[in-house]
(Lines give C-alpha, C1' and ligand atoms only; values in the text may rest on other atoms or scores of the structure.)
Protein backbone atom coordinates (compact mmCIF):
# COMPACT_ATOMS: atom_id res chain seq x y z
CA UNK A 1 0.00 0.00 0.00
CA UNK A 2 1.37 3.45 -0.90
CA UNK A 3 1.36 5.66 2.18
CA UNK A 4 2.95 8.73 3.67
CA UNK A 5 5.72 7.72 6.05
CA UNK A 6 4.62 7.39 9.63
CA UNK A 7 0.92 7.98 9.01
CA UNK A 8 -0.60 4.77 7.72
CA UNK A 9 -1.90 1.70 9.45
CA UNK A 10 -0.06 -1.51 8.56
CA UNK A 11 -1.12 -3.16 5.30
CA UNK A 12 -2.09 -6.26 7.29
CA UNK A 13 -4.59 -4.26 9.35
CA UNK A 14 -8.00 -5.97 9.23
CA UNK A 15 -9.69 -2.57 9.33
CA UNK A 16 -10.80 -1.37 5.89
CA UNK A 17 -11.76 2.24 5.14
CA UNK A 18 -12.44 2.90 1.45
CA UNK A 19 -13.81 6.13 0.00
CA UNK A 20 -16.47 5.64 -2.69
CA UNK A 21 -16.76 8.45 -5.24
CA UNK A 22 -20.08 8.73 -7.07
CA UNK A 23 -21.53 11.11 -9.66
CA UNK A 24 -25.23 10.25 -9.63
CA UNK A 25 -27.85 8.14 -7.94
CA UNK A 26 -27.08 5.06 -10.04
CA UNK A 27 -23.40 5.09 -9.12
CA UNK A 28 -24.35 5.66 -5.49
CA UNK A 29 -26.59 2.61 -5.43
CA UNK A 30 -24.12 0.51 -7.44
CA UNK A 31 -21.49 1.21 -4.80
CA UNK A 32 -23.58 0.89 -1.64
CA UNK A 33 -26.31 -1.71 -2.16
CA UNK A 34 -23.97 -4.60 -3.19
CA UNK A 35 -21.75 -3.70 -0.23
CA UNK A 36 -24.73 -4.12 2.10
CA UNK A 37 -26.00 -7.32 0.48
CA UNK A 38 -22.54 -8.93 0.47
CA UNK A 39 -22.34 -8.29 4.19
CA UNK A 40 -25.79 -9.72 4.85
CA UNK A 41 -24.99 -12.80 2.77
CA UNK A 42 -21.86 -13.36 4.89
CA UNK A 43 -23.82 -13.00 8.11
CA UNK A 44 -22.15 -9.70 8.96
CA UNK A 45 -23.95 -6.94 10.90
CA UNK A 46 -24.51 -3.92 8.62
CA UNK A 47 -25.34 -0.30 9.36
CA UNK A 48 -26.02 2.55 6.94
CA UNK A 49 -25.55 6.10 8.27
CA UNK A 50 -26.03 8.58 5.41
CA UNK A 51 -28.03 11.80 4.85
CA UNK A 52 -31.81 11.31 4.80
CA UNK A 53 -32.31 11.68 1.05
CA UNK A 54 -29.64 9.04 0.38
CA UNK A 55 -30.96 6.84 3.16
CA UNK A 56 -34.36 6.69 1.50
CA UNK A 57 -33.04 5.51 -1.86
CA UNK A 58 -30.81 2.89 -0.24
CA UNK A 59 -33.70 1.63 1.85
CA UNK A 60 -35.98 1.44 -1.19
CA UNK A 61 -33.31 -0.38 -3.23
CA UNK A 62 -32.76 -2.94 -0.47
CA UNK A 63 -36.43 -3.79 -0.20
CA UNK A 64 -37.07 -6.42 2.47
CA UNK A 65 -33.34 -6.60 3.26
CA UNK A 66 -33.59 -3.12 4.77
CA UNK A 67 -35.32 -4.64 7.80
CA UNK A 68 -32.08 -6.39 8.80
CA UNK A 69 -29.90 -3.28 8.46
CA UNK A 70 -29.39 -0.52 11.03
CA UNK A 71 -30.45 2.68 9.23
CA UNK A 72 -29.49 6.14 10.53
CA UNK A 73 -29.95 9.62 9.11
CA UNK A 74 -26.46 11.13 9.33
CA UNK A 75 -27.88 14.66 9.24
CA UNK A 76 -29.26 13.92 12.71
CA UNK A 77 -26.98 11.24 14.18
CA UNK A 78 -23.84 12.91 12.82
CA UNK A 79 -24.80 16.56 12.92
CA UNK A 80 -21.71 17.09 15.07
CA UNK A 81 -18.85 15.19 13.39
CA UNK A 82 -17.22 14.70 16.80
CA UNK A 83 -20.21 12.57 17.78
CA UNK A 84 -19.94 10.08 14.90
CA UNK A 85 -17.14 7.81 16.13
CA UNK A 86 -18.51 7.26 19.65
CA UNK A 87 -22.22 7.70 18.98
CA UNK A 88 -22.64 6.03 15.57
CA UNK A 89 -19.68 3.91 14.44
CA UNK A 90 -18.40 2.55 17.74
CA UNK A 91 -21.91 2.35 19.17
CA UNK A 92 -22.84 -0.08 16.39
CA UNK A 93 -19.56 -1.99 16.06
CA UNK A 94 -19.08 -2.48 19.80
CA UNK A 95 -22.52 -4.02 20.16
CA UNK A 96 -21.77 -6.85 17.69
CA UNK A 97 -20.43 -10.34 18.51
CA UNK A 98 -16.65 -10.55 18.76
CA UNK A 99 -14.81 -12.05 15.79
CA UNK A 100 -17.44 -11.17 13.19
CA UNK A 101 -16.66 -8.50 10.60
CA UNK A 102 -18.89 -5.45 10.82
CA UNK A 103 -19.84 -3.35 7.79
CA UNK A 104 -20.84 0.30 7.99
CA UNK A 105 -21.61 2.89 5.34
CA UNK A 106 -20.90 6.32 6.77
CA UNK A 107 -21.33 9.57 4.83
CA UNK A 108 -20.28 12.46 7.12
CA UNK A 109 -19.50 14.96 4.33
CA UNK A 110 -22.27 16.15 2.04
CA UNK A 111 -23.02 19.19 -0.09
CA UNK A 112 -24.45 21.75 2.30
CA UNK A 113 -22.01 21.17 5.13
CA UNK A 114 -20.78 24.64 6.07
CA UNK A 115 -17.20 25.86 5.95
CA UNK A 116 -17.37 26.08 9.75
CA UNK A 117 -18.34 22.41 10.03
CA UNK A 118 -15.93 21.06 7.45
CA UNK A 119 -12.67 21.05 9.47
CA UNK A 120 -14.38 18.89 12.10
CA UNK A 121 -15.69 16.60 9.33
CA UNK A 122 -12.32 15.98 7.70
CA UNK A 123 -10.58 15.49 11.05
CA UNK A 124 -13.25 12.93 11.88
CA UNK A 125 -12.55 11.02 8.68
CA UNK A 126 -8.82 11.02 9.44
CA UNK A 127 -9.32 9.87 13.02
CA UNK A 128 -11.50 6.90 12.03
CA UNK A 129 -8.29 5.15 10.99
CA UNK A 130 -6.80 5.39 14.48
CA UNK A 131 -10.09 4.67 16.25
CA UNK A 132 -10.60 1.35 14.42
CA UNK A 133 -7.04 0.20 13.82
CA UNK A 134 -6.77 -3.56 14.34
CA UNK A 135 -10.53 -4.22 14.26
CA UNK A 136 -12.43 -6.43 11.80
CA UNK A 137 -14.58 -3.56 10.57
CA UNK A 138 -15.16 -2.08 7.12
CA UNK A 139 -16.38 1.53 6.89
CA UNK A 140 -17.30 2.66 3.37
CA UNK A 141 -17.53 6.45 2.96
CA UNK A 142 -19.38 7.82 -0.10
CA UNK A 143 -18.34 11.19 -1.61
CA UNK A 144 -20.37 13.15 -4.15
CA UNK A 145 -17.80 13.75 -6.90
CA UNK A 146 -20.04 16.33 -8.64
CA UNK A 147 -21.40 18.53 -5.85
CA UNK A 148 -18.49 18.55 -3.39
CA UNK A 149 -15.63 21.03 -3.90
CA UNK A 150 -12.33 19.80 -5.28
CA UNK A 151 -10.41 20.27 -2.02
CA UNK A 152 -12.93 18.02 -0.23
CA UNK A 153 -12.34 15.24 -2.77
CA UNK A 154 -8.59 15.71 -2.40
CA UNK A 155 -8.91 15.43 1.37
CA UNK A 156 -10.87 12.19 0.96
CA UNK A 157 -7.82 10.67 -0.74
CA UNK A 158 -5.71 11.76 2.24
CA UNK A 159 -8.05 10.32 4.88
CA UNK A 160 -8.82 6.96 3.23
CA UNK A 161 -6.17 4.28 2.59
CA UNK A 162 -8.12 3.02 -0.42
CA UNK A 163 -10.40 4.78 -2.89
CA UNK A 164 -13.02 3.63 -5.40
CA UNK A 165 -13.10 6.06 -8.35
CA UNK A 166 -16.45 7.20 -9.73
CA UNK A 167 -17.79 4.68 -12.23
CA UNK A 168 -15.20 2.06 -11.29
CA UNK A 169 -15.65 -0.76 -8.82
CA UNK A 170 -12.10 -1.98 -8.08
CA UNK A 171 -10.59 -0.19 -5.09
CA UNK A 172 -7.04 1.09 -5.33
CA UNK A 173 -4.52 2.33 -2.81
CA UNK A 174 -4.53 6.08 -2.23
CA UNK A 175 -1.10 7.55 -2.88
CA UNK A 176 -2.14 10.67 -0.94
CA UNK A 177 -3.07 8.81 2.26
CA UNK A 178 -1.78 10.87 5.22
CA UNK A 179 -4.39 11.06 8.01
CA UNK A 180 -2.06 12.48 10.68
CA UNK A 181 -1.14 15.36 8.38
CA UNK A 182 -4.83 16.10 7.81
CA UNK A 183 -5.56 16.23 11.55
CA UNK A 184 -2.69 18.68 12.00
CA UNK A 185 -3.59 20.83 8.98
CA UNK A 186 -7.18 21.34 10.13
CA UNK A 187 -6.15 22.15 13.70
CA UNK A 188 -7.12 25.70 12.78
CA UNK A 189 -7.00 28.64 15.24
CA UNK A 190 -10.45 29.85 16.28
CA UNK A 191 -10.69 33.65 15.91
CA UNK A 192 -11.19 35.40 19.24
CA UNK A 193 -14.69 36.87 19.63
CA UNK A 194 -14.33 40.16 21.49
CA UNK A 195 -17.98 41.12 21.96
CA UNK A 196 -18.98 37.93 23.81
CA UNK A 197 -19.97 37.60 27.45
CA UNK A 198 -16.58 36.89 29.04
CA UNK A 199 -15.97 35.17 32.37
CA UNK A 200 -12.43 34.33 33.60
CA UNK A 201 -12.60 31.41 36.05
CA UNK A 202 -10.58 29.39 38.54
CA UNK A 203 -11.52 26.37 40.65
CA UNK A 204 -13.48 28.38 43.23
CA UNK A 205 -15.58 30.14 40.59
CA UNK A 206 -16.71 27.08 38.57
CA UNK A 207 -20.33 27.30 39.83
CA UNK A 208 -20.39 31.01 38.99
CA UNK A 209 -19.13 30.26 35.46
CA UNK A 210 -21.94 27.77 34.90
CA UNK A 211 -24.55 30.22 36.18
CA UNK A 212 -23.12 33.01 34.02
CA UNK A 213 -23.34 30.80 30.91
CA UNK A 214 -26.92 29.81 31.73
CA UNK A 215 -27.99 33.39 32.30
CA UNK A 216 -26.42 34.54 29.02
CA UNK A 217 -27.82 31.56 27.12
CA UNK A 218 -31.29 32.30 28.41
CA UNK A 219 -30.92 35.97 27.46
CA UNK A 220 -29.88 34.90 23.95
CA UNK A 221 -32.92 32.67 23.48
CA UNK A 222 -32.08 29.19 24.75
CA UNK A 223 -34.74 27.34 26.72
CA UNK A 224 -35.47 23.90 28.11
CA UNK A 225 -33.15 21.01 27.35
CA UNK A 226 -30.88 23.07 25.11
CA UNK A 227 -30.26 25.56 27.92
CA UNK A 228 -29.48 22.63 30.23
CA UNK A 229 -27.07 21.28 27.62
CA UNK A 230 -25.25 24.63 27.52
CA UNK A 231 -24.91 24.56 31.31
CA UNK A 232 -23.64 20.97 31.22
CA UNK A 233 -21.09 21.72 28.49
CA UNK A 234 -19.88 24.75 30.43
CA UNK A 235 -19.48 22.69 33.59
CA UNK A 236 -17.56 19.93 31.80
CA UNK A 237 -15.24 22.22 29.84
CA UNK A 238 -14.43 24.61 32.69
CA UNK A 239 -13.77 21.69 35.05
CA UNK A 240 -11.42 20.16 32.46
CA UNK A 241 -9.57 23.48 32.28
CA UNK A 242 -9.08 23.57 36.05
CA UNK A 243 -7.93 19.93 36.17
CA UNK A 244 -5.87 19.71 32.98
CA UNK A 245 -5.46 23.22 31.57
CA UNK A 246 -3.39 25.03 34.15
CA UNK A 247 -6.04 25.63 36.82
CA UNK A 248 -7.88 28.48 35.13
CA UNK A 249 -9.43 29.61 31.88
CA UNK A 250 -11.77 32.03 30.15
CA UNK A 251 -15.40 31.28 29.28
CA UNK A 252 -17.18 33.12 26.47
CA UNK A 253 -20.81 32.89 25.36
CA UNK A 254 -22.36 34.68 22.37
CA UNK A 255 -24.98 34.34 19.62
CA UNK A 256 -24.13 33.70 16.00
CA UNK A 257 -26.86 33.07 13.43
CA UNK A 258 -29.23 30.41 14.72
CA UNK A 259 -26.90 29.22 17.48
CA UNK A 260 -25.58 30.20 20.86
CA UNK A 261 -21.87 29.46 21.10
CA UNK A 262 -19.93 28.53 24.20
CA UNK A 263 -16.14 28.62 24.23
CA UNK A 264 -13.56 27.78 26.88
CA UNK A 265 -9.87 28.69 26.50
CA UNK A 266 -7.05 27.66 28.79
CA UNK A 267 -3.28 27.21 28.80
CA UNK A 268 -3.31 23.41 28.46
CA UNK A 269 -2.48 21.42 25.34
CA UNK A 270 -4.45 18.38 24.18
CA UNK A 271 -2.09 15.61 23.09
CA UNK A 272 -4.69 12.93 22.31
CA UNK A 273 -6.52 13.65 19.02
CA UNK A 274 -9.16 11.05 19.93
CA UNK A 275 -10.06 12.76 23.20
CA UNK A 276 -13.83 13.01 23.43
CA UNK A 277 -14.34 10.49 20.62
CA UNK A 278 -14.03 7.23 22.55
CA UNK A 279 -17.12 5.69 24.17
CA UNK A 280 -16.80 5.57 27.94
CA UNK A 281 -16.51 2.09 29.45
CA UNK A 282 -18.80 1.20 32.32
CA UNK A 283 -15.97 1.10 34.86
CA UNK A 284 -14.26 4.24 33.58
CA UNK A 285 -13.67 6.94 36.17
CA UNK A 286 -13.54 10.43 34.71
CA UNK A 287 -12.57 11.32 31.16
CA UNK A 288 -16.15 11.82 30.01
CA UNK A 289 -16.23 15.61 29.80
CA UNK A 290 -15.40 16.27 26.15
CA UNK A 291 -17.26 13.11 25.11
CA UNK A 292 -20.39 14.46 26.79
CA UNK A 293 -19.97 17.80 25.03
CA UNK A 294 -19.63 16.05 21.65
CA UNK A 295 -22.81 14.08 22.30
CA UNK A 296 -24.99 17.09 23.14
CA UNK A 297 -23.69 19.94 20.94
CA UNK A 298 -24.59 20.61 17.30
CA UNK A 299 -20.91 21.19 16.53
CA UNK A 300 -17.64 21.16 18.44
CA UNK A 301 -14.42 22.73 17.14
CA UNK A 302 -11.09 22.38 18.90
CA UNK A 303 -7.78 24.15 18.42
CA UNK A 304 -4.78 23.17 20.50
CA UNK A 305 -1.14 24.26 20.40
CA UNK A 306 1.74 25.65 22.41
CA UNK A 307 -0.35 28.67 23.37
CA UNK A 308 -3.16 26.60 24.88
CA UNK A 309 -6.46 25.05 23.88
CA UNK A 310 -9.78 26.53 22.74
CA UNK A 311 -12.94 24.42 22.58
CA UNK A 312 -15.99 25.98 20.94
CA UNK A 313 -19.45 24.39 20.79
CA UNK A 314 -22.72 25.32 19.11
CA UNK A 315 -26.26 25.01 20.54
CA UNK A 316 -29.37 25.73 18.43
CA UNK A 317 -31.60 28.66 19.34
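The values are calculated or read from the model by the stated rules, or taken from the named source; none is laboratory data. Every value quoted in this text rests on a predicted model; they were computed, and no experiment measured them. Positions of Cβ are generated from backbone atoms using ideal geometry, with glycine treated the same way; all protein chains shown enter the neighbour counts.
For region 210-246, residues that are at pLDDT below 95 and more than 21 Å from residue 291 (Cβ to Cβ) total 1. The set of residues in region 132-145 being under 16 Å from the mean Cα position of the chain (by Cα) and outside any strand (DSSP E or B) consists of 132 alone. Scan region 18-44 for residues that are buried (at least 17 other Cβ atoms within 10 Å of the Cβ) and closer than 20 Å to residue 70 by Cβ and jot them down. 18, 20, 28, 29, 31, 32, 33, 35, 36, 39, 44 - these are the residues of region 18-44 that are buried (at least 17 other Cβ atoms within 10 Å of the Cβ) and closer than 20 Å to residue 70 by Cβ. Looking for something without any contact (Cβ under 8 Å) to a residue 60 or more places away in the chain, closer than 14 Å to residue 21 by Cβ and either surrounded by fewer than 14 Cβ atoms within 10 Å (Cβ to Cβ) or assigned by TED's automatic domain parsing to the domain that holds residue 259 (or both) - is there at least one such residue anywhere in region 65-72? No, because not a single residue in region 65-72 is without any contact (Cβ under 8 Å) to a residue 60 or more places away in the chain, closer than 14 Å to residue 21 by Cβ and either surrounded by fewer than 14 Cβ atoms within 10 Å (Cβ to Cβ) or assigned by TED's automatic domain parsing to the domain that holds residue 259 (or both). Just one of the listed residues (276, 308, 257, 289) is at positive phi and under 17 Å from the mean Cα position of the chain (by Cα), and it is 276. Within region 98-131, the set of residues being surrounded by fewer than 22 Cβ atoms within 10 Å (Cβ to Cβ), in contact (Cβ under 8 Å) with a residue 12 or more places away in the chain and in a loop (DSSP other than H, G, I, E, B) comprises 99, 100, 101, 110, 116, 117.
Taken residue by residue, region 148-158 has at least one member that is outside any helix (DSSP H, G or I), outside the structural domain of residue 312 (by TED's automatic domain parsing) and loosely packed, with under 14 Cβ neighbours inside 10 Å. Helices (runs of 4 or more DSSP H) fully within region 196-300 that include at least 1 residues being under 24 Å from residue 75 (Cα atoms): 224-244, 289-296.
Just one of the listed residues (191, 200, 207, 179) is farther than 28 Å from residue 114 by Cβ, out of contact with any strand residue (DSSP E or B) (no Cβ under 6 Å at 6 or more places or on another chain) and at pLDDT 95 or above, namely 207. Listed by first and then second residue, the pairs with beta-carbon distance under 6 Å, at least 6 apart or on different chains, first residue in region 190-204 and touching a residue at least 40 places away in the same chain (Cβ under 8 Å), second assigned to a helix (DSSP H, G or I) and surrounded by 13 or more Cβ atoms within 10 Å (Cβ to Cβ), are 197/216; 199/209; 199/212; 201/209; 201/238; 203/242.
Screening region 169-195 for residues that are touching a helix residue (DSSP H, G or I) at 6+ places or on another chain (Cβ under 9 Å) and assigned to a helix (DSSP H, G or I) and picking the one that is surrounded by the most Cβ atoms within 10 Å (Cβ to Cβ) gives 179.
Taken over region 43-56, residues that are in contact with a helix residue (DSSP H, G or I) (Cβ under 6 Å, 6 or more places away or on another chain) and assigned to a helix (DSSP H, G or I) amount to 1. Against the condition outside the structural domain of residue 279 (by TED's automatic domain parsing) and under 30 Å from residue 259 (Cβ atoms), how does residue 86 come out, does it pass? The answer is yes for residue 86.
Among the residues of region 79-88, those that are touching a strand residue (DSSP E or B) at 6+ places or on another chain (Cβ under 6 Å) and either within 15 Å of residue 43 (Cα to Cα) or in a helix (DSSP H, G or I) (or both) comprise 82, 88.
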